Amino acid sequence: MRTKIVAGNWKMNKTPAEGAALIAAIRKELGEGACPVEVVVCPPFTGLDAATKALAGSTIKLGAQNMSAEAPGAFTGEISVGMLQELGVGYVILGHSERRTLFGETDAMVNRKTKAALAAGLTPIVCVGETLAEREANKTDKVVTTQVRESLAGLGNDLRKVVVAYEPVWAIGTGKTASSAQAQEVHALIRRVLAALSDGQTALSIRIQYGGSMKPENAKELMSQPDIDGGLIGGAALKADSFVAIVRGGC
Ligand code: 13P
């Protein structure tokens, strides 16, 4: 019912030429057709133009890692949604934990960006997740519920177009993956929060990705959980063989 979606978040890695080479390798390894998973690659801003060319004729989609909520104007160093669209970007990661913790992004900022992305027809991939300290203090449910409610407030019918990524901060880049049971529990919670924001049918149609040390060895089990609809991949997305193996785990 929900098409699985696997996205590679390259973070601050790959020059434009390196990114184009990675895309060529992913295309070769993945082949065409066969696997019904939606595949997205998210290079840094500077790699988007080369990526769009490298993706010509492919079903693989292009995403960005951030964007401004503002219309074009005096915002030094920022990138508008129109600039992304002109480069063929269809998806945008918003509110990644690195943006929240290192660059001070709040739920309110993520909410504004989500609305701007949706208004322009982009698919936002909105990230939520608790820190280790929050998990150990039994605050996971409260933290994730607040992030989902506030980041996705006031979207109306557009809520169904959003992809949510559950990324426990303690699992990102640490090699520590949430167990499939731990992840499923939070995914089910997120779906209940989405239902409260909209209705049961809408919540059932929204894709919820897991992210945090997802790799070929654990991708299949994670994505076979009832509420896990794909993955947001960091480190393992930087090599064609591991990224494609993860995609195949969702086929
Ligand atoms: P890792 O897969 O490297 O843990 O990163 C996950 C992530 O942050 C994807 O957005």
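The values are calculated or read from the model by the stated rules, or taken from the named source; none is laboratory data. If you're wondering where the values come from, they're calculated on a predicted model, not measured in any experiment. When we count neighbours, we look across all protein chains shown, and the Cβ atoms used for this are built from the backbone with ideal geometry, even at glycine.
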| said: Residue under question is LEU238, and the condition is that it be within 16 Å of the ligand (Cβ to nearest atom), within 17 Å of GLU38 (Cα to Cα) and either loosely packed, with under 15 Cβ neighbours inside 10 Å or in contact (Cβ under 8 Å) with a residue 24 or more places away in the chain (or both); does it hold? | reply: no
| said: I'd like to check something: does the stretch 70-83 contain any residue that is surrounded by fewer than 17 Cβ atoms within 10 Å (Cβ to Cβ) and over 22 Å from ASN111 (Cα atoms)? | reply: no
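Quick one: which of VAL169, VAL162 is more than 10 Å from the ligand (Cβ to nearest atom), within 21 Å of ASN111 (Cα to Cα) and either among the aromatic types (Phe, Trp, Tyr) or surrounded by 18 or more Cβ atoms within 10 Å (Cβ to Cβ) (or both)?
Checking each option against the conditions leaves just VAL162.
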| query | Of these, GLU105, GLU134, which one is charged (D, E, K, R) and not in a helix (DSSP H, G or I)? | reply | GLU105
| request: Might you let me know whether the stretch 83-96 holds any residue that is outside any strand (DSSP E or B), in contact (Cβ under 8 Å) with a residue 60 or more places away in the chain and within 22 Å of ASP158 (Cα to Cα)? | output: yes
| Any idea which residue in the stretch 126-140 is farthest from VAL6 (Cα to Cα), counting only those that are more than 16 Å from the ligand (Cβ to nearest atom) and loosely packed, with under 14 Cβ neighbours inside 10 Å? | ALA137
| Going through the stretch 172-201 one residue at a time, which ones are aliphatic (A, V, I, L, M) and at pLDDT below 95? | ILE172, ALA178
| said: Name the residue that is nearest to ILE93 (Cα to Cα), counting only residues in the stretch 8-37 that are surrounded by fewer than 21 Cβ atoms within 10 Å (Cβ to Cβ) and charged (D, E, K, R). | reply: LYS11
| field | Single unsatisfied condition, GLU217 versus (1) under 27 Å from LYS115 (Cα atoms); (2) within 15 Å of the ligand (Cβ to nearest atom); (3) among the charged types (D, E, K, R) | value | (1)
| task | Give the number of residues within the stretch 13-41 that are in contact with a Gly (Cβ under 8 Å, 6 or more places away or on another chain), basic (Lys, Arg) and not in a loop (DSSP other than H, G, I, E, B). | result | 0
| First in the stretch 129-147 and of a type in the set (Lys, Arg), second anywhere and part of a helix (DSSP H, G or I), Cβ under 8 Å, 6 or more apart | ARG135/TRP170
